[in-house]
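A.B. asks: Sharing a structure, written as structure tokens. Questions coming.
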Amino acid sequence: MATLTAAQQPDHPPAPTVLAYGVGVDSTGLLVELASRGEPPDLVLTADTGVEKPLTYAYLDVIGPWMAARGIRHEIVRYEPRRFKHWPPYHSLLEMALTNGTLPSKSLGGSSCSLKYTKAPQDAFLKTWQPAIDAWARGQKVVRLIGFDAGPRDTIRHAHAAKIEDPLYNYRHPLRDWGWDREACARRIEAEGLPVPPKSSCWFCIGMTPQEVRDLPAWCLRLLVLVEARAAPRLHIVEGL
């Protein structure tokens, strides 16, 4: 095997890759295909809001061993609040809503619930992850793999995200490069011999369909009523979830 000359030697190793894994169809299809191509991410990060659907938590028991068998590192991170408007301290989106007597930000027209409980804990973890620290010291950006597919809905989300310039990260969207939509991801998961995961979302997200709400277990439905009742005195522009 020929030895590379000094001019041909790379200046430094490639930047590490991190998959933002929401345990949904798109990100699972992306994970499976990357592994099959011999390009698994260096790290898979899942942010647990504390109110993921029960079936989503159950799917972790399926995909976790699958990743472990392939030597793919998987970490689950959670938001750790430091300042509290009210007492007692809360550590999940549900506890925040009940403690503060409010609804998730998305129900009120915002998006900070997803930023605070998904992106922020991943950012915090990566700041302590040695491969990221080393890459930044070399002047590189860490590559974050995002599961936006090529369907119409994610095309809108991608157009917004593409405008954001991040000093620490380069964002890649392989599903869009491959022209894969949600159905293509589901087929790839099935071809791997894995069950297709449920749609990933919090179980009291306003983006859920009526059927998804009906499919929730009774204890989730009882908590939905409690969250709305607790927030009702403070609501002025919406009636509930």
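Laboratory data are not the source of any read-out in this text; all were calculated from the coordinates shown. Keep in mind it's a predicted model, so treat the numbers as computed, not measured. Glycine also receives a Cβ, built like all others from the backbone with ideal geometry; neighbour counts cover every protein chain displayed.
A.B. asks: Let me know the volume per residue of the alpha-carbon convex hull for the stretch 18-71, in Å³. Write down the numbers at each step before the final one.
C.D. replies: Numbers: hull volume 3.9 nm³, N = 54.
In the stretch 18-71, the Cα hull volume divided by residue count equals 73 Å³.
A.B. asks: Per DSSP H run of at least 4 residues, take -39500 (n - 2.57); add these up for the chain, divide by its residues and hand me the 222 nm value, nearest 500 deg cm²/dmol.
C.D. replies: Details: 10 runs with 95 residues, N = 241.
The helix-only estimate for the chain comes to -11500 deg cm²/dmol at 222 nm.
A.B. asks: How big, on average over all directions, is the shadow cast by the Cα convex hull of the chain, in nm²?
C.D. replies: On the way: hull surface 65.7 nm².
Result: a mean projected hull area of 16.4 nm².
A.B. asks: Another question, then. For the stretch 91-96, what does the Karplus curve 6.51 cos²θ - 1.76 cosθ + 1.60, with θ = phi - 60°, yield as ³J(HN,Hα) per residue in whole Hz, taken in order and with x for Gly and Pro?
C.D. replies: Each residue's phi maps through the Karplus curve to give 9, 8, 4, 5, 4, 4 Hz.
A.B. asks: For Arg144, what residues show an amide H to amide H distance below 5 Å, using hydrogens built from the backbone and excluding near sequence neighbours?
C.D. replies: So Arg144 has HN proximity to Val18, Asn170, Tyr171, Arg172.
A.B. asks: Moving to a separate point now. Work out the length of the dipole vector of the chain about its Cα centre, built from +1 on the beta-carbon of each Lys and Arg and -1 on the beta-carbon of each Asp and Glu, and round it to the nearest 20 debye.
C.D. replies: Values: 28 positive and 26 negative charges, 135 e Å.
Its charge dipole is roughly 640 debye.
A.B. asks: Please list 3J(HN,Hα) in residue order for the stretch 26-36, calculated via the Karplus relation 6.51 cos²θ - 1.76 cosθ + 1.60 where θ = phi - 60°; whole Hz, with x for glycine and proline.
C.D. replies: My calculation for the stretch 26-36 gives 4, 5, 6, x, 5, 4, 4, 5, 4, 5, 5 Hz in order.
A.B. asks: Order of Leu60, Leu30 from fewest to most other C-beta atoms within 10 Å? Don't skip to the answer; put the middle values down first.
C.D. replies: On the way: Leu60 18, Leu30 27.
Neighbour counts put them in this order, fewest first: Leu60, Leu30.
A.B. asks: Could you compute Rg(Cα) / (2.2 N^0.38 Å) for the stretch 31-100, with N its residue count?
C.D. replies: Values: Rg = 16.0 Å, N = 70, 2.2 N^0.38 = 11.1 Å.
Against the compact-globule rule of thumb, the ratio is 1.45.
A.B. asks: Roughly how many nanometres apart are two label points built 7 Å out from the Cα toward the Cβ at Trp178 and Glu192?
C.D. replies: In this crude label model, Trp178 to Glu192 measures out at 0.9 nm.
A.B. asks: Moving on to the next point. Which residues' amide hydrogens lie under 5 Å from the amide hydrogen of Ala47, considering only partners 5 or more residues apart or on another chain, with H built in the peptide plane?
C.D. replies: Long-range HN contacts for Ala47: Tyr21, Val77.
A.B. asks: Under the Karplus relation 6.51 cos²θ - 1.76 cosθ + 1.60, θ = phi - 60°, what is the ordered set of whole-Hz ³J(HN,Hα) values for the stretch 179-189, x standing for Gly and Pro?
C.D. replies: Working through the residues one at a time gives x, 8, 9, 4, 5, 5, 5, 4, 5, 5, 5 Hz.
A.B. asks: Any idea what the relative contact order of the chain is, in percent, if you count C-alpha pairs under 8 Å spaced at least 6 apart? Kindly include the intermediate steps, with their values, before the conclusion.
C.D. replies: Working: 326 pairs, mean separation 67.3, N = 241.
In percent, rounded to a whole number, it is 28.
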